[in-house]
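A short reminder: the numbers here are calculations on the coordinates, not readings from a lab. Since this is a predicted model, take the numbers as computed values, not measurements. Here the Cβ positions follow ideal geometry from the backbone for every residue, glycine too, while neighbour counts run over all protein chains shown.
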Amino acid sequence: MDEWNRRQWLAGLGLAAVGQGVIANAWQGRGNKRLPQSERLTGKMSLALEDYEPKSMLLVSETKVPRARFPVIDFHTHLSWSARRGRVTEAHNNATPEEVLPVMDRKNVRMMVNLTGGYGNVLEQTINYWQRPHPDRFVVFTEPWFEKITEPGYPQFQADQIARAQALGARGLKLLKTLGLYLREHVTSGPLVKIDDRRFDPMWDAAGDRRMPVGIHTSDPEAFFLPTDRFNERYEELSAHPDWSFHRKDFPSNRELQEARNRVIARHPRTQFVVLHVGDSENLAYVSELLDRYPNMHVEIGARIGELGRQPRASRKFFDKYQDRIIFGTDAVPRGDDTPQQIFGEQLYEIYYRFLETQDEYFDYAPAQKPPQGRWRIYGIGLPESILRKVYYDNAARLLGLQS
Ligand SMILES: [Zn+2]
């Protein structure tokens with residue numbers, strides 16, 4: 001209704017003479033009482049971004065996917081990690097197998113890869129706790145012993161540790177983004193150690209020789225390298241976690257980190273690299289280029305369906321083209337509610353399955369009140385059965401040397 005028509009209509013109701021102030025008050029109703037005086041008459045409202053929780057008015061169908069259509073290997077979980085108590089480092093378990101196994105059974109998760117198995121005694125404790133009693137349900141990866149980088153002979157020591165880890169039962173090697181963003185020449189001080197530092201060459205080769213896949217997390221979302229300001233699409237996430245920002249200081253750029261990792265993949269063609277979090281999930285064209293260039297590169301999708309699902313047409317093409325190189329993972333962490341997109345549980349799996357299996361539109365990518373990684377929703381890509389089987393299970397099984 002335009003303004004002239006509205007006035008005509010009001011005149012008809014005998015209200016025109018009292019003017020718009022009354023109308024504005026009537027429209028604002030109860031909400032008006034809570035507004036500061038200065039805003040009452042103008043009708044202008046303000047609301048803190050953190051309080052904004054819009055409910056979508058779209059009427060779209062919701063497909064419940066309580067169970068994956070085919071058995072699943074979750075290649076990216078953190079069932080445990082290393083925790084330091086005083087001078088001793090020990091394994092910290094985020095759950096017990098008895099808590100995790102029933103959820104896995106209900107969700108059709110055949111196996112979980114616990115990437116953060118640590119090294120030394122921690123690795124042994126972790127394997128004994130998860131993998132040894134349930135070898136067909138849990139496998140454990142080892143991690144580099146970065147604290148030893150200052151010691152002479154580190155390159156050979158680290159390669160030997162890979163052999164020792166495999167003898168203990170470790171099935172692969174995991175690199176956190178520590179390499180590239182935190183590890184420094186004197187461990188916590190000095191210049192950052194580059195991802196393609198030659199001291200790690202024997203380690204990458206040892207993993208390749210022993211057919212241990214390398215799960216590598218490099219860099220972080222693009223927005224973490226930009227100022228946390230009103231233009232940043234992850235403003236709320238970075239405000240809640242200021243230490244996640246890699247803007248300025250002496251941090252390399254996202255692209256420099258990706259390129260350093262690419263040089264490692266190129267230098268070690270017999271080693272199989274699983275690039276976690278899709279690598280650079282905001283830029284699928286770039287990731288596609290890399291997959292074309294490096295036959296020993298694979299990608300895992302954990303904590304990035306928020307990115308994949310907001311570009312459903314590009315994602316669908318990506319899954320079609322690279323269906324033999326994409327691996328299912330969730331980055332699940334049992335306990336803690338800091339990062340809703342990673343909380344282990346039935347809801348988390350249902351969202352991933354809905355994204356992969358259905359054509360549903362505009363739904364939440366994380367079990368949370370507000371989208372935790374950015375203010376958007378996602379769309380399902382409805383993969384066919386042949387691709388689902390590969391992404392859910394076969395691609396990971398091949399890398400882990402399991403029988404399909
Ligand atoms: Zn992770």
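If you go through region 361-379, how many residues are out of contact with any helix residue (DSSP H, G or I) (no Cβ under 9 Å at 6 or more places or on another chain) and hydrophobic (A, V, I, L, M, F, W, C)? Count: 0. Residues in region 252-270 that are under 18 Å from Leu181 (Cα atoms) and of a type outside the set (A, V, I, L, M, F, W, C): Pro252, Ser253, Asn254, Arg255, Glu256, Gln258, Glu259, Arg261, Asn262, Arg263. Checked against the criterion of being surrounded by fewer than 18 Cβ atoms within 10 Å (Cβ to Cβ) and touching a helix residue (DSSP H, G or I) at 6+ places or on another chain (Cβ under 8 Å), region 309-318 contains one or more residues that satisfy it.
Report the residue count in region 291-332 for those that are within 16 Å of the ligand (Cβ to nearest atom), touching a strand residue (DSSP E or B) at 6+ places or on another chain (Cβ under 7 Å) and of a type in the set (A, V, I, L, M). Of the residues in region 291-332, 5 are within 16 Å of the ligand (Cβ to nearest atom), touching a strand residue (DSSP E or B) at 6+ places or on another chain (Cβ under 7 Å) and of a type in the set (A, V, I, L, M). Residues in region 74-92 that are in contact with a Phe, Trp or Tyr (Cβ under 8 Å, 6 or more places away or on another chain) and of a type in the set (Val, Ile, Thr): Thr77 only. Here Tyr352 clears all of (1) of a type in the set (Phe, Trp, Tyr); (2) part of a loop (DSSP other than H, G, I, E, B); (3) within 16 Å of the ligand (Cβ to nearest atom) except the condition numbered (2). Among the residues of region 333-385 satisfying the criterion of being of a type in the set (A, V, I, L, M) and touching a Gly at 6+ places or on another chain (Cβ under 8 Å), which is farthest from Glu282 (Cα to Cα)? Of everything passing the filter in region 333-385, Ile343 is farthest from Glu282 (Cα to Cα).
Counting only residues that are over 22 Å from the mean Cα position of the chain (by Cα) and free of Cβ contacts under 8 Å to residues at least 40 places away in the same chain, region 53-82 holds 4 of them. Which residue pairs have Cβ atoms under 7 Å apart, sit 6 or more places apart or on different chains, and have a first residue in region 167-180 that is in contact (Cβ under 8 Å) with a residue 12 or more places away in the chain and a second that is acidic (Asp, Glu)? These pairs meet every condition: Leu168/Glu124; Lys174/Glu143; Lys177/Asp220.
Return a yes/no flag: does region 108-125 have any residue that is farther than 29 Å from Tyr352 by Cα, among the polar types (S, T, N, Q) and free of Cβ contacts under 8 Å to residues at least 24 places away in the same chain. So far as region 108-125 goes, no, none of its residues is farther than 29 Å from Tyr352 by Cα, among the polar types (S, T, N, Q) and free of Cβ contacts under 8 Å to residues at least 24 places away in the same chain. For region 157-211, what are the residues that are buried (at least 16 other Cβ atoms within 10 Å of the Cβ) and within 16 Å of the ligand (Cβ to nearest atom)? Result: Gly172, Leu173, Lys174, Leu175, Leu176, Lys177, Leu179, Gly180, Leu181. Of all residues in region 137-156, those that are surrounded by fewer than 19 Cβ atoms within 10 Å (Cβ to Cβ) and in contact with a strand residue (DSSP E or B) (Cβ under 7 Å, 6 or more places away or on another chain) total 3. Taking region 329-346 as the region of interest, how many residues are assigned to a loop (DSSP other than H, G, I, E, B), out of contact with any Phe, Trp or Tyr (no Cβ under 8 Å at 6 or more places or on another chain) and under 20 Å from Arg110 (Cβ atoms)? Looking only at that region, the number is 3. Remark: Glu99 matches the filter, which requires a residue to be assigned to a helix (DSSP H, G or I), away from the ligand (no atom under 16 Å from the Cβ), out of contact with any Asp or Glu (no Cβ under 7 Å at 6 or more places or on another chain) and at negative phi. The number of residues in region 238-266 that are assigned to a loop (DSSP other than H, G, I, E, B), in contact with a strand residue (DSSP E or B) (Cβ under 8 Å, 6 or more places away or on another chain) and surrounded by 14 or more Cβ atoms within 10 Å (Cβ to Cβ) comes to 2. Inspection of region 311-328 finds no residue satisfying the criterion of being farther than 21 Å from Arg110 by Cβ, of a type outside the set (A, V, I, L, M), in contact (Cβ under 8 Å) with a residue 40 or more places away in the chain and not in a helix (DSSP H, G or I). May I ask you to verify whether Glu307 is farther than 21 Å from Glu361 by Cα, assigned to a helix (DSSP H, G or I) and of a type in the set (D, E, K, R)? Taking the combined requirement at face value, the residue does not satisfy it.
The lone criterion from (1) buried (at least 18 other Cβ atoms within 10 Å of the Cβ); (2) in contact with a Lys or Arg (Cβ under 9 Å, 6 or more places away or on another chain) left unmet by Asp324 is number (1).
The condition of being away from the ligand (no atom under 16 Å from the Cβ), crowded, with 17+ Cβ neighbours inside 10 Å, within 23 Å of the chain's Cα centre (by Cα) and closer than 23 Å to His298 by Cβ holds for only one of Met112, Met104, that being Met104. When region 63-91 is filtered for residues that are assigned to a strand (DSSP E or B), surrounded by 16 or more Cβ atoms within 10 Å (Cβ to Cβ) and not small (Gly, Ala, Ser), the ones remaining, listed by number, are Val72, Ile73, Asp74, Phe75, His76, Thr77, Trp81, Thr89.
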